[in-house]
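> The structure follows.
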Amino acid sequence: MPLVKMSPLLQKARQEGYAVGSFSVANMEMVLGVLKAVEETKSPAIIQIAEVRLNHSPLELIGPLMVAAAKASSVPVAVHFDHGKTTEKIKQALEIGFTSVMLDGSHLPFEENARITAETKQLASEYDADCEGEIGCVGGSEDGSEDIAINCTSPVQALEFYEKTGVDALAVAIGNAHGNYKQAPKLRFDILEETAGLVKAPLVLHGGTGILPDDFKKCIKLGINKINIATATFDSVEQSVREAYAAQAIKGYYDLQTAEVEGAYRNAMKHIEIFGCANKA
Ligand code: 13P
């Protein structure tokens, strides 16, 4: 299966009522773990990295690795640049071969968010890539470095934003936030339902870590087709390594690497089951 764009994956998910996992990765072991899970379960998938992560995982190194892994996969995999902050990095991702990008203008005034998202959509289309936008503001920040307040999406504004930008996927804010929640969030399903009724683009749920399985399922029923998972992967990798050390299973570097792959694999398997995307490749 080749590297694919996310739009056909999300359109199929929309027609058949499931969500595609969009898994953040930071190194080769995480890529290998996620791909092992999606190949084993015959699931479509998206692998992504956010701009704030690039200090630890430089785009010129991790980007080609992600693209190469998607190309070698036996299932359709899209490669996404998440929460872009600068046109420079978005362009670099597109040059490397990412098949979708997001410019996160959600913290900006509506008109400005719409303007820069429409420009990003235009840039992405020059590379035959897709574009995701966000309206309303998901809480926290992708790497936990900022405490951005949640600002729930207005369905009417979401429609106007979609019409102005033509984005291929639209992230909504319905009480979700990045990072670990102190307690499971109370999601605004009413806002999601109304937005899904108005906007024809597949909807995206950010801040997937810590959302309860039943809430995920309800979101999918109401129109979410892409779910972003980051912190849960990192936590699962760390936990897997700790467990392996505790069990004295790490005798050398390769065992450490195996434990990392296992952590990413376990986390992806758990979410694939909840999202209903197994055997949808
Ligand atoms: P979590 O870290 O809460 O899973 O959020 C991931 C995300 O939304 C990436 O865009």
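Every read-out reported here was derived from the displayed coordinates using simple, explicitly stated rules and does not represent laboratory data. Computed from a predicted structure; not experimentally measured. FYI the Cβ positions are ideal-geometry reconstructions off the backbone, even for glycines, and counts take in every protein chain you see.
> Only one of (1) within 16 Å of the ligand (Cβ to nearest atom); (2) more than 21 Å from TYR18 (Cβ to Cβ); (3) out of contact with any strand residue (DSSP E or B) (no Cβ under 8 Å at 6 or more places or on another chain) fails for GLU160. Which number is that?
So the condition that GLU160 fails would be (1).
> Hey, any hits in segment 81-103 for a residue that's more than 15 Å from the ligand (Cβ to nearest atom) and closer than 24 Å to GLU262 by Cβ?
Scanning segment 81-103, I find no residue that is more than 15 Å from the ligand (Cβ to nearest atom) and closer than 24 Å to GLU262 by Cβ, so the answer is no.
> Residues that are assigned to a helix (DSSP H, G or I), of a type outside the set (Phe, Trp, Tyr) and either within 17 Å of SER125 (Cα to Cα) or in contact (Cβ under 8 Å) with a residue 24 or more places away in the chain (or both): does segment 99-109 have at least one?
no
> In addition: Would you point out which residue out of THR99, THR87 is buried (at least 21 other Cβ atoms within 10 Å of the Cβ) and out of contact with any Asp or Glu (no Cβ under 6 Å at 6 or more places or on another chain)?
THR99
> With the requirement that a residue be surrounded by fewer than 19 Cβ atoms within 10 Å (Cβ to Cβ), within 12 Å of the ligand (Cβ to nearest atom) and over 24 Å from VAL156 (Cβ atoms), what does segment 180-209 give you?
ASN180, TYR181
> Quick check on my filter: what residues within segment 1-46 are closer than 17 Å to GLY84 by Cα and either among the basic types (Lys, Arg) or surrounded by fewer than 24 Cβ atoms within 10 Å (Cβ to Cβ) (or both)?
Narrowing segment 1-46 to residues closer than 17 Å to GLY84 by Cα: 6, 22-26, 46.
Across segment 1-46, the qualifying residue is only ALA26.
> Mind listing just one residue for me: the one in segment 210-242 that is basic (Lys, Arg) and under 18 Å from the mean Cα position of the chain (by Cα) and, of those, surrounded by the fewest Cβ atoms within 10 Å (Cβ to Cβ)?
Filtering segment 210-242 for residues that are basic (Lys, Arg) and under 18 Å from the mean Cα position of the chain (by Cα), the one surrounded by the fewest Cβ atoms within 10 Å (Cβ to Cβ) comes out as LYS217.
> What are the pairs, 6+ residues apart or on separate chains, where a residue within segment 16-29 that is within 16 Å of GLY223 (Cβ to Cβ) and within 16 Å of the ligand (Cβ to nearest atom) has its Cβ under 9 Å from a residue that is of a type in the set (S, T, N, Q) and outside any strand (DSSP E or B)?
As it stands, the answer is VAL20/SER43, since those pairs meet every condition given.
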